[in-house]
Amino acid sequence: MSLQNGYSINTAPLDDEEEEEEKEEDDDCELLVPPDAVPPRCCSSRLNLAVLMFLGFTVVYGLRVNLSVAMVAMVNNTEPTPSTNNTNSSKHMCPLPGTNQSNSGFTQPDWVPVYPWDAETQGWLLGAFFFGYLCTQIPGGYLAGHYGGTKFLGFGVLCTAALTLLTPLAAQSGPRWLFALRALEGFGEGVTFPAMMAIWARWAPPLERSSLMTFSGSGGNFGAFLALPLTGFICETLGWPAVFYLCGGGGCVWAVFWFAFVSDDPRTHKRISEEEKEYIINSIGAQGTGHGWTVPLWSMITSVPLWAIIVTQMCSNWSYYTLLTSLPAYMNNVLHFDLQSNGFLSALPYLGGWLLSTLSGVVADLLIKRRVFSITVTRKIFTAIGMVLPAVFLVCVCYVGCSHVWSVLFLTLSTTTGGASAAGVYMNQIDIAPRYAGFLLGITNTFGTVPGVVAPIVTGYLTEDHSLDGWKRVFWLASGIQIFGAIFFTIFGSAKLQKWAMTDEDRAEAEKRRTRSICT
């Protein structure tokens, strides 16, 4: 598709010659259409899609994290506490906030069952979700890139929600059954993020990518923010089984609206305006089509920018998943907050992460649109901010000891500043290969999910005695991994469209640009 008013931001130059490499920073900032040709975003189909996707990921993360808080209620009355005769444990335990009395716990309805699961068992159950989540990332991304992502995202949420309804029955049957159910939930949800990337590859105009994608993806942080305090409240009022019934039912309701109002492609959307349709199609160009059945696997395997994304996401996710799955346990076992306070305070970091990730997308689009920085530099800046600052704040948690106020503040700041990376490495796949973005996200998220499996288990081992020293080791480990990831992406990351991702039309357009450059 030829563009009359400019070049696609996805069009990269043919970099066989030295001078073309030197112009990379200009090439990945090439504007697409004049600003007056952009239809308003308010009430547009692309914004409606972003809102529905935002709500979908709100549900997804609610389904993912509800067990983290509910676990406190499920084992509360039977979880063995550290012996006061054990000097290694009692020496480092924190006092109760504002009182010297022992923690009286919380009340639930009398009929609610509780289970004698130790810290190691809880760690395995919290990590079970990710065993299934690993399996469907790559096939989900591949099929979503070929067929379109709306059905995969919709059915992924729907299946996870339906399985969540069975959680109380599985818990009653034993930890092995609950582990298997959580793994199946992860299996269903594994297609959702690759499907999101495949959808935006066809729907997101390049100069709006950062804002649209960070807003829709920020539903994850918003879902955690809502689910954590609501789970605590529901556990104390209705009992922990109600958490899974309500969350599962909410996911089923969302699926009805999703299938009724979304479309894989702007060309097939029934309610989109012609002006918006032409804008999206012309701005994305040839990259806004499916990738077919064949993909350049060897070129992907040997792509340095792709490996930069993989390594960096693994490093970032280690810290994120550590807090996502284990923060309620820290609030309960070390800081001794009651269940409702636990849920609210555990949720604060995700409120900040939601706000900052959304803001980072808007700022990133402005920086790119006004050519303050190239796309590559912009992605590296936001990645560095979103990984270095969280690491610093996690280290601060280690030094404030039992201070409840400072611990909550630094944990909140850590996850809040981590939201900046949403406009960095987490959308880099769509920069380097828009047509294959869903498949690439499947690959990178598969590697990025490994910390979701390992981190809760490692945390369980390190904090087996519920000591403050054990949690310090958890936070130091997460901080060091984050710093390494930030350095790695700064050195090897890139937002340049890769040669193996270019279509014949992209190559022809790039050749025309090089010819014009030579002639002038």
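Please pick out the residue among Thr412, Thr417 that is at pLDDT below 90 and more than 25 Å from Thr503 (Cα to Cα). Quick ask: steps written out before the conclusion?
Details: Thr417 fails: at pLDDT below 90.
Among Thr412, Thr417, only Thr412 is at pLDDT below 90 and more than 25 Å from Thr503 (Cα to Cα).
Beta carbons closer than 8 Å, at least 6 apart along the sequence or on distinct chains, pair a first residue in segment 479-495 that is of a type in the set (Gly, Ala, Ser) with a second that is open to solvent by 40 Å² or more (accessible area, probe 1.4 Å) for Ser479/Val392; Gly485/Met314; Ala486/Val388; Gly493/Lys380; Ser494/Val304. Of the residues Thr449, Thr412, the single one that is open to solvent by 20 Å² or more (accessible area, probe 1.4 Å) and touching a Leu at 6+ places or on another chain (Cβ under 6 Å) is Thr412. Out of the residues in segment 158-177 that are over 25 Å from the mean Cα position of the chain (by Cα) and buried (at least 19 other Cβ atoms within 10 Å of the Cβ), state the one that is nearest to Tyr245 (Cα to Cα). Ranking the candidates gives Pro168 first.
Annotation: of all residues in segment 204-220 being among the aliphatic types (A, V, I, L, M) and farther than 14 Å from Gln429 by Cβ, the one that is surrounded by the most Cβ atoms within 10 Å (Cβ to Cβ) is Leu212.
Go through segment 365-376 and count every residue that is more than 19 Å from Ala433 (Cβ to Cβ) and among the aliphatic types (A, V, I, L, M).
Taking segment 365-376 and keeping what is more than 19 Å from Ala433 (Cβ to Cβ), we get 365-367, 369-373.
Checking which are among the aliphatic types (A, V, I, L, M) leaves us with 366-367, 372.
So the count comes out to 3.
Screening segment 367-406 for residues that are closer than 21 Å to Gln313 by Cα and out of contact with any helix residue (DSSP H, G or I) (no Cβ under 6 Å at 6 or more places or on another chain) and picking the one that is least open to solvent (accessible area, probe 1.4 Å) gives Thr376. Of the residues making up segment 223-240, those that are in a helix (DSSP H, G or I) and surrounded by fewer than 23 Cβ atoms within 10 Å (Cβ to Cβ) number 6. Every test in (1) among the small types (Gly, Ala, Ser); (2) within 20 Å of the chain's Cα centre (by Cα); (3) modelled with pLDDT under 90 is passed by Gly460 save one, and that test is (2). May I ask you to verify whether Glu236 is modelled with pLDDT under 90, touching a Phe, Trp or Tyr at 6+ places or on another chain (Cβ under 8 Å), more than 16 Å from Ala201 (Cβ to Cβ) and not small (Gly, Ala, Ser)? The answer is yes for Glu236.
Every residue, every condition in (1) open to solvent by 40 Å² or more (accessible area, probe 1.4 Å); (2) modelled with pLDDT of 90 or more; (3) charged (D, E, K, R), yes or no:
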site: Gly250; (1), (2), (3): no, yes, no
site: Val256; (1), (2), (3): yes, yes, no
site: Lys270; (1), (2), (3): yes, no, yes
site: Lys277; (1), (2), (3): no, no, yes
site: Ile281; (1), (2), (3): no, no, no
site: His291; (1), (2), (3): no, no, no
site: Pro296; (1), (2), (3): no, no, no
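The values are calculated or read from the model by the stated rules, or taken from the named source; none is laboratory data. If you're wondering where the values come from, they're calculated on a predicted model, not measured in any experiment. Here the Cβ is made from the backbone with ideal geometry for all residues, glycine too, and neighbour counts use every protein chain on show. Note: areas computed on protein heavy atoms with side chains; ligands, DNA, RNA excluded. Shrake-Rupley method; radii C 1.70, N 1.55, O 1.52, S 1.80 Å.
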